[in-house]
């Protein structure tokens, strides 16, 4: 694909390069070679941009000139993502129902659906147009799903759950398994609490491999529009996740957690039940949230505290043995 075609498709300004340069692929700035396109969004890679062997680099509008051809962009990272889409079109699946699929007679499925091998669709299920259900997907009775649903192999949607439009479930996702609810009996045993309430998922959500969104005993577990959930995430029963939130790998939300809009929970964050994390808050890796987190804050540690305070804790921690010895000498 010629550089001029890429620039036109992404509405970019080409500088310091031939529009006829042929681009065959994309790569990271430290590994890109002739014929490849790369990008710079992190300032620490600015030096690498001056020595890269890539044929062209996507850079910010105010980025200093470099020897390679430059494509000026407001957001180089987002632009690189869109450039990838030019070279890597998603796989297309022909409409039709595989002969091994089991689809209940009462199920209503929209036009142009692809129903793969050994898919099971229960009674009274509704699925919108252009759905793709790959091998061994199971949709329990009463589930309602919008247009452009894409379910990878072995994902499951349980009974009566509701899913919006443009939702992607990666392999092994389970939507609507029973919440972890048990009441202790007088003789010390655990009595299962019914979990009939559905999971409700908004439009434009992606849930990645082997993550679980549990149903509740009362109320609903809700995932807001535009939420992106990474691999191996657990969302407990009755939790609420606001719009455009990011839940990174191995995040765990206990029951009835409230996560605000545009919150970012980075890897292995755990949130205690009934806690609230306010809009636009960020929780750094392996932090434990045991109390409410105010909107717009950056927190770290376990229990999570203001990030600057946590940095002070971290600086003092290696010195604690010396401090303890000094205190004992004074005594």
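Hey, any hits in the stretch 92-109 for a residue that's out of contact with any helix residue (DSSP H, G or I) (no Cβ under 7 Å at 6 or more places or on another chain), modelled with pLDDT under 95 and part of a loop (DSSP other than H, G, I, E, B)? Before you say what the answer is, go through the steps one by one.
Of all residues in the stretch 92-109, those out of contact with any helix residue (DSSP H, G or I) (no Cβ under 7 Å at 6 or more places or on another chain) come to 92-109.
Imposing the further condition that a residue be modelled with pLDDT under 95 reduces the set to 92.
Still in the running and part of a loop (DSSP other than H, G, I, E, B): 92.
Yes, the stretch 92-109 contains a residue that is out of contact with any helix residue (DSSP H, G or I) (no Cβ under 7 Å at 6 or more places or on another chain), modelled with pLDDT under 95 and part of a loop (DSSP other than H, G, I, E, B).
Of everything in the stretch 281-296, what is over 19 Å from residue 230 (Cβ atoms) and out of contact with any strand residue (DSSP E or B) (no Cβ under 7 Å at 6 or more places or on another chain)? Give them in sequence order. Spell out how you get there, then give the answer.
We begin by selecting, within the stretch 281-296, every residue over 19 Å from residue 230 (Cβ atoms); these are 290-296.
Matches in the stretch 281-296: 290, 291, 294, 295, 296.
Would the stretch 196-211 turn up any residue that is over 18 Å from the mean Cα position of the chain (by Cα), assigned to a loop (DSSP other than H, G, I, E, B), surrounded by fewer than 19 Cβ atoms within 10 Å (Cβ to Cβ) and modelled with pLDDT under 95? Walk me through it before giving the result.
Filtering the stretch 196-211 for residues over 18 Å from the mean Cα position of the chain (by Cα) gives 196-198.
Remaining after also requiring assigned to a loop (DSSP other than H, G, I, E, B): 196, 198.
With surrounded by fewer than 19 Cβ atoms within 10 Å (Cβ to Cβ) added as a condition, the list becomes 196.
Now restrict to residues that are modelled with pLDDT under 95: none.
No, there is no match, as no residue in the stretch 196-211 is over 18 Å from the mean Cα position of the chain (by Cα), assigned to a loop (DSSP other than H, G, I, E, B), surrounded by fewer than 19 Cβ atoms within 10 Å (Cβ to Cβ) and modelled with pLDDT under 95.
Looking at the stretch 110-135, which of its residues are within 18 Å of residue 168 (Cα to Cα), touching a strand residue (DSSP E or B) at 6+ places or on another chain (Cβ under 8 Å) and part of a loop (DSSP other than H, G, I, E, B)?
110, 113, 116, 119, 125, 128, 131, 134
What are the pairs, 6+ residues apart or on separate chains, where a residue within the stretch 271-284 that is at negative phi and in a strand (DSSP E or B) has its Cβ under 7 Å from a residue that is surrounded by fewer than 17 Cβ atoms within 10 Å (Cβ to Cβ) and at pLDDT 95 or above?
What qualifies is 276/292; 282/298.
Looking at the stretch 36-66 only, could you name the residues that are under 21 Å from residue 1 (Cα atoms) and either free of Cβ contacts under 8 Å to residues at least 24 places away in the same chain or not in a loop (DSSP other than H, G, I, E, B) (or both)?
The first filter runs over the stretch 36-66 and keeps only residues under 21 Å from residue 1 (Cα atoms), leaving 36-40, 52-59.
Once the filter is applied, which keeps residues that are under 21 Å from residue 1 (Cα atoms) and either free of Cβ contacts under 8 Å to residues at least 24 places away in the same chain or not in a loop (DSSP other than H, G, I, E, B) (or both), the stretch 36-66 yields 36, 37, 38, 39, 52, 53, 56, 57, 58, 59.
From 73, 54, 151, 83, grab the single residue that is crowded, with 21+ Cβ neighbours inside 10 Å and over 27 Å from the mean Cα position of the chain (by Cα).
On the way: 73 fails: over 27 Å from the mean Cα position of the chain (by Cα); 151 fails: over 27 Å from the mean Cα position of the chain (by Cα); 83 fails: over 27 Å from the mean Cα position of the chain (by Cα).
Checking each option against the conditions leaves just 54.
For the stretch 295-328, what are the residues that are exposed (fewer than 14 other Cβ atoms within 10 Å of the Cβ), at negative phi and assigned to a loop (DSSP other than H, G, I, E, B)? Break it down stepwise before answering.
Within the stretch 295-328, the first condition is being exposed (fewer than 14 other Cβ atoms within 10 Å of the Cβ), and the residues that meet it are 296, 302-303, 308-309, 311-328.
Filter once more, so that each one left must be at negative phi: 302-303, 308-309, 311-328.
Those that are exposed (fewer than 14 other Cβ atoms within 10 Å of the Cβ), at negative phi and assigned to a loop (DSSP other than H, G, I, E, B): 302, 303.
Just for the stretch 165-194: of the residues that are crowded, with 21+ Cβ neighbours inside 10 Å and outside any strand (DSSP E or B), which one is farthest from the chain's Cα centre (by Cα)?
So the first thing to find is which residues in the stretch 165-194 are crowded, with 21+ Cβ neighbours inside 10 Å, and the list is 167, 169, 173, 175-176, 179.
Of the ones still in play, those that are also outside any strand (DSSP E or B) are 167, 173, 179.
Working: 167: 12, 173: 12, 179: 21 Å.
Top of the filtered list is 179.
The values are calculated or read from the model by the stated rules, or taken from the named source; none is laboratory data. Nothing here was measured: the structure is a model prediction, and the numbers come from that model. Using ideal geometry, Cβ is built from the backbone for each residue, glycine included, and neighbour counts are taken over all protein chains shown.
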